[in-house]
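The values are calculated or read from the model by the stated rules, or taken from the named source; none is laboratory data. Keep in mind the model is a prediction, meaning the values are calculated, not measured. Glycine gets a Cβ as well: all are built from the backbone with ideal geometry, and neighbour counts include every protein chain shown. Surface areas here come from the heavy atoms of the whole protein model, side chains and all, with no ligands, DNA or RNA. Shrake-Rupley method; radii C 1.70, N 1.55, O 1.52, S 1.80 Å.
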Amino acid sequence: MATHSAHPFPKSSAHDLPFWRKYIFSTDHKIIGLQYGITASFFLFFGFCLMMLMRWQLAYPGQPLPVIGTWFGDANMPGGIMLPEFYNSLGAMHGTIMVFLAIVPLVFGAFGNYIVPLQIGAPDMCFPKVNAASYWAYFTGGVVMCYSFFVPGGAANSGWTSYSPLADIATEGQTWWLIGMVCLITSSLLGAINFIATIVQLRTKGMTWFRLPFFVWAQLVTAFLLLLAFPPLEAAGVMQLMDRLAHTSFFLPSGLVVSGKVLEVSGGGTPILWQHLFWFLGHPEVYVLILPAMGIVTEIIANNTRKPITGYKSLVFSALTIGFLSFIVWAHHMYLTGMGTKVSAFFQTTTILISVPSVIILTALFISLWGGSIRFTTPMLFALGFLPMFGIGGLTGIPLAFNATDIPLHDTYYVIGHFHYIVAPGTIFAIFAGIYYWFPKVTGRMMSERLGKVHFWLSMIFMNGIFLPMFIQGMAGVSRRWYDGGASYEFVQGVIHWNVFMSVSAWCLALVQIPFLINLFWSACKGKKASDNPWDATTLEWATPTPPPHGNFVVPPIVYHNPYDYSMSGAKKDFTPQNQPVEA
Amino acid sequence: MEIPYTVKTRPDTGLFNAKLGIWLFLASEVMLFGALFSSYVLLRVGSPDWPHGSSILNVPLGTLNTLVLITSSITMVMAWASLVLKNFSKFKLYMGLTILLGLVFLVVKSFEYGAKFHHHMFPKESVYLAIYFTLTGLHALHVIGGMVVNAYLWGPGSKMWETDPQRFTNRVEVSGLFWHFVDLVWIFLFPVLYLL
Ligand code: HEM
Ligand SMILES: [Cu+2]
């Protein structure tokens, strides 16, 4: 490609490494970022397929799935009719795959790996080999999870939360789930250490803490969440493995009756312990899903409004506050376990407190739009779409924060709607925004704006078509775990007609990703050539050659400016790159 | 391409990369064992008949192992200090001792395990035994991990002393920090499981 012959590779580049060292067992953060991105996209698609299958059963309970129904074997779908056990596996694995194998690896592993070192002006991550190890641990975890579909009894089927005692006595798939999780946790821990060390140690000259782009801050807080919240789940995983393999009773109370017989175990454990340990991770995990997305959106909003982010520092302090508070809210997932009123008062208070910094971030981003000369590019559309979608997700969380209103809503489709508004039209839109935005840096070519806009508007419509009715159903009392979508329950007959609508929306959502895929592959080969800084952006990733070579910068950059110095008075252009020397 | 601060410390943070890395790793380890200790508390509080540790476990052997590990922490510091004083043969001696003491710990531990199994005391017998085996087993895995790294630094890894003595000293320091942590965990484990 002609564009980078002008930039000689720095000495000792990866130029002459053999293929497998350069692209397979690479230690270059950009290659690892892409590996994460490709693997996680595959899992995103896979998780989506599991859900599309479930949506058939929910819309047309007990009816054979046409054409492909018989592919799944008699153990799962005899005659194309889904068995309840298979439905449970699909649900549990959809959640697990989406959270741990798709979204986190995308926002943290892929975007974080590729962009963070570039934005802080570093040649690579602090520990490149650890970085590669993190990817391969993730990959192994993914293989184990896929394998678990083929063991007797199928994949794990106790929900993505794996509540004991159900999970203790579940089929073999649960054991593989636990082993897979240990791999994934190891991967996240290695990644988290690497991110924090990189951000602390490898900031280039002049890159002070308050000159860091917000995206880097978001990744830093995310890394801390992963570092400190995952080990308790690992501990819980080890204990559940012990329960399953060494027949201990960590999570089994005395006198537990299963299928009419008292279980032959020592007893003396407690199922609540699992819930505590799981949600001690689980809640910080949801901020792992959303913080990097906020980071991506902030970058894109600053760039496309051509003005500095309003309240950059309040964004940073909000992110830090979220990071801290997310460790002391976990029991809001457990109001129904019968905790005392004092404990519940504590968790209700902290939960409401944590919504404050989230609202600050959202508000600051909205205010940032005000008075900007907005460029409605595709990345910007997705970023703008993120704002109200995240808003709906967040606001619907408020009733869940209070014990009294949560009790009727818990484990209904209302909850499913709530968190999906955050992760699906929220985080996934941010991911799309990031792909459209950074694609030119990675490939040297622009994506098509026309296809991008088609992709955006249609996705927006169908996303809402899937998730908005969930609130209606949930408030009417439709449980999230019913295998027939509510058909056999008298009191929800008034709302279950929505099931078909939601399912059709989900299948349409799949179809409207086709323009995106065409755009992605076509643009990678044939798209318009991009310059090194096609969006006229200020942050350092645009100061590298395109695509950035091994070692990233031709000369280590020096930073003189704040991250979002757009439309500065006195400047010649409407953007002042962070590394542009100050004129004397 | 050269990653900065792999050997020298960064002036404004006062750290070289691996030192920050190991501290972060230890923070996650604190959370791991912290979660297990919390589980211990929760299970014990909820249990009507929690046994007294000393009625089941061998306190003298546990005490011996505590002393062994504390001594190994001391020799570990000496190994590092010898490198700082540029005395490579002393390093070999102290590092060798550290590894040996780790081995002694594991041998004693396996005797204890063996005795328990002999008396049909398996993890599944009671929640007390379950948490005992889980905690000490996980700790033993950490001991083994630390020993593998130390053995590497004692053997093939020590060639780096010729080429890059500063970096090698850093490595020993980092491995030492981990070793002290493993020691510290045991110092919590011992009273909690054996004495209380
Ligand atoms: C975008 C299209 C998506 C649709 C239509 C969809 C649909 C569904 C449905 C119908 C359920 C109900 C499961 C049940 O009955 O228990 C569910 C559960 C769940 N989904 Fe999604 N989902 C989507 C994307 C995502 C994404 C991106 C994530 C990643 C965070 C995710 C995470 C989860 C989780 C964690 C559960 C709970 C699973 C369980 O409780 O076992 N979903 N989803
Ligand atoms: Cu939560």
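With an 8 Å cut-off on Cα pairs and a minimum separation of 6 or more residues, tell me the relative contact order of segment B:17-195 in percent. Could the numbers behind the result be given before it?
Values: 134 pairs, mean separation 61.1, N = 179.
Relative CO of segment B:17-195 lands at 34 percent.
Residues of segment B:144-181 falling in the label zone of residue B:30, defined by backbone nitrogen less than 17 Å from a point 7 Å along Cα to beta-carbon, are B:177-181. Both numbers refer to the Cα atoms of chain B; Rg and Dmax are 19.2, 62 Å. Ligands, DNA and RNA aside, residue B:107 has an accessible area near 70 Å² when probed at 1.4 Å. Counting only alpha carbon atoms, the long axis of helix A:271-305 and the longest principal axis of chain A meet at about 30°.
Only protein atoms count toward the accessible area here, which uses a 1.4 Å probe; on chain B, the carbon and sulfur part of that area reaches 73 percent.
Contact residues in segment A:235-255 by the 50 Å² criterion (accessible area, 1.4 Å probe, full protein complex versus chain alone): A:250. Treating the angle as unsigned and between 0 and 90°, give the value, to the nearest 10°, between the Cα long axis of helix A:29-59 and the longest Cα principal axis of chain A. Approximately 40 degrees, to the nearest ten.
With contacts defined as alpha carbon pairs under 8 Å and 6 or more residues apart, what's the relative contact order of segment A:489-584 in percent?
About 20 percent, as a whole number.
Counting Cβ atoms of other protein chains within 10 Å of each residue's Cβ and taking the mean over peptide A:265-276 gives 4.
Provide B:50, A:209, A:274 ordered by accessible surface of protein heavy atoms (probe 1.4 Å), highest first.
On the way: B:50 40, A:209 90, A:274 0 Å².
Sorted descending by solvent-accessible area, the residues read A:209, B:50, A:274.
Surface listing: A:94, A:410, B:52, B:118 arranged by accessible area from highest to lowest gives B:118, B:52, A:410, A:94, probe 1.4 Å.
Pairs A:307/A:528; B:19/B:86; A:205/B:8: which are spaced more than 25 Å apart, C-alpha to C-alpha? List each step's numbers first, then the result.
Details: A:307/A:528 27 Å; B:19/B:86 20 Å; A:205/B:8 16 Å.
Exceeds cut-off: A:307/A:528.
A Gaussian network model of chain B, with springs between Cα atoms under 10 Å, assigns the largest mean-square fluctuation among B:122, B:91, B:105 to B:122.
Contact with the other protein chains removes 40 Å² or more of accessible area, compared with the isolated chain and a 1.4 Å probe, from these residues of segment B:19-41: B:20, B:24, B:28, B:31, B:32, B:35, B:39.
When accessible surface is computed with a 1.4 Å probe, chains A and B are found to bury approximately 2900 Å² between them, both chains counted.
How compact is the protein assembly as shown by the rule of thumb for globular proteins, expressed as Cα Rg over 2.2 N^0.38 Å? List each step's numbers first, then the result.
On the way: Rg = 27.5 Å, N = 780, 2.2 N^0.38 = 27.6 Å.
Dividing the Cα Rg of the protein assembly as shown by 2.2 N^0.38 Å gives 1.00.
Looking at segment A:336-400, the chymotrypsin sites (Phe, Trp or Tyr not before Pro) that sit in a DSSP loop and have at most 16 other Cβ atoms within 10 Å of their own Cβ are A:370, A:376.
For segment A:432-486, what does the accessible surface come to per residue with a 1.4 Å probe? Please give it in Å². Working shown, then result.
On the way: 1930 Å² over 55 residues.
That works out to 35 Å² per residue.
Accessible surface for residue A:489 stands near 80 Å², nearest 10, in the context of the full protein assembly shown (1.4 Å probe). Inter-chain Cβ neighbour count for A:123-132, averaged per residue, equals 3 (cutoff 10 Å, partner chain atoms only).
Label-to-label distance, residue A:245 versus residue A:150, with points set 7 angstrom from Cα along the beta-carbon direction: 2.1 nm. Size descriptors for segment A:395-484: radius of gyration and Dmax over Cα atoms are 17.3, 54 Å.
Residues in segment B:17-195 average 45 Å² of solvent-accessible surface per residue, probe 1.4 Å, ligands and nucleic acids excluded. Placing dummy labels 7 Å off each Cα toward the beta-carbon, the span from residue A:464 to residue A:320 is 3.8 nm. One decimal place: the segment residue A:472-residue A:45 gains 151.0 nm when fully extended, by the rule 0.36 nm per residue minus the C-alpha distance. Peptide B:122-129 shows a mean partner chain C-beta count of 6 within 10 Å per residue C-beta. With distances taken between every two different alpha-carbon atoms, segment A:286-370 has a Kirkwood hydrodynamic radius of 14.1 Å. Of the accessible area of chain A, computed with a 1.4 Å probe over protein heavy atoms only, carbon and sulfur atoms account for 72 percent.
Quick one: compute the contact order of chain A, relative version, from alpha carbon pairs under 8 angstrom and 6+ residues apart, as a percent.
Numbers: 987 pairs, mean separation 94.8, N = 584.
Dividing the mean separation by the residue count of chain A yields 16 percent.
The angle between the Cα long axis of helix A:173-201 and the longest principal axis of the Cα atoms of chain A comes to about 30 degrees, rounded to the nearest 10.
Round to the nearest 0.05 the FRET efficiency obtained for residue A:487 and residue A:172 when R0 = 30 Å and r is the Cβ-Cβ distance. My answer for the efficiency is 0.45. Protein-only accessible surface at a 1.4 angstrom probe places the residues A:129, A:573 in the order A:129, A:573, largest first.
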